[in-house]
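Here is the structure we will look at.
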């Protein structure tokens, strides 16, 4: 998150008026705030990291940063049918997937391609102490959200 994004989030938070929120800009793998947060939302950091140990380290930092009974809301990318016979993907247009890959990886040069199954994600989160609350799948089964509790 850039400083401009951080300022915008602070401004939007004040506009809502009903939310008390603090915003921090830190390297997620080096969070220095222990037991400070009720909720952490992380959408996608794990898909850029192919090394499961490093993702587990990230989740450990989140765990340490949460208060007792704190909630982590995160997401992950599931394997496409070409990589897994047990793929959860459905209701998608294969041509759109090819175009998205061309745009994101070939043209823009995005460096994510890490896919994990629900079982793999669950194991990573539970190894650091999280308790699974729920897995929430999008209509295409591609990018589920997972809610866990400290």
Of the residues that sit in region 123-134 and are touching a strand residue (DSSP E or B) at 6+ places or on another chain (Cβ under 8 Å) and in contact (Cβ under 8 Å) with a residue 24 or more places away in the chain, which one is nearest to residue 81 (Cα to Cα)?
-> 125
Could you list, in sequence order, all residues of region 119-146 that are crowded, with 17+ Cβ neighbours inside 10 Å and not in a loop (DSSP other than H, G, I, E, B)?
-> 121, 124, 125, 146
Go through region 29-71 and give me each residue that's buried (at least 19 other Cβ atoms within 10 Å of the Cβ), touching a residue at least 60 places away in the same chain (Cβ under 8 Å), touching a helix residue (DSSP H, G or I) at 6+ places or on another chain (Cβ under 9 Å) and not in a helix (DSSP H, G or I).
-> 70
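So that you can scan it fast, the table gives a plain yes or no per residue for (1) closer than 24 Å to residue 28 by Cα; (2) at pLDDT below 95; (3) touching a helix residue (DSSP H, G or I) at 6+ places or on another chain (Cβ under 8 Å):
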residue	(1), (2), (3)
92	no, yes, no
113	yes, yes, yes
116	yes, no, yes
138	no, no, no
Scanning region 72-91 for residues that are surrounded by 13 or more Cβ atoms within 10 Å (Cβ to Cβ) and either farther than 19 Å from residue 114 by Cα or under 11 Å from the mean Cα position of the chain (by Cα) (or both) gives 72, 73, 74, 75, 76, 77
Going by the conditions given, is residue 104 surrounded by fewer than 16 Cβ atoms within 10 Å (Cβ to Cβ), out of contact with any strand residue (DSSP E or B) (no Cβ under 7 Å at 6 or more places or on another chain), modelled with pLDDT under 95 and closer than 30 Å to residue 26 by Cα?
-> yes
Hey, could you check region 8-28 for residues that are in contact with a helix residue (DSSP H, G or I) (Cβ under 6 Å, 6 or more places away or on another chain) and closer than 14 Å to residue 39 by Cβ and say which is modelled with the lowest pLDDT?
-> 19
Residues that are under 20 Å from residue 42 (Cβ atoms), part of a loop (DSSP other than H, G, I, E, B) and free of Cβ contacts under 8 Å to residues at least 60 places away in the same chain, drawn from region 101-114 | 110
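The values are calculated or read from the model by the stated rules, or taken from the named source; none is laboratory data. None of the values given here were measured: they were computed from a predicted structure. Reconstructed Cβ throughout: ideal geometry from the backbone, glycine too, with neighbour counts over all protein chains shown.
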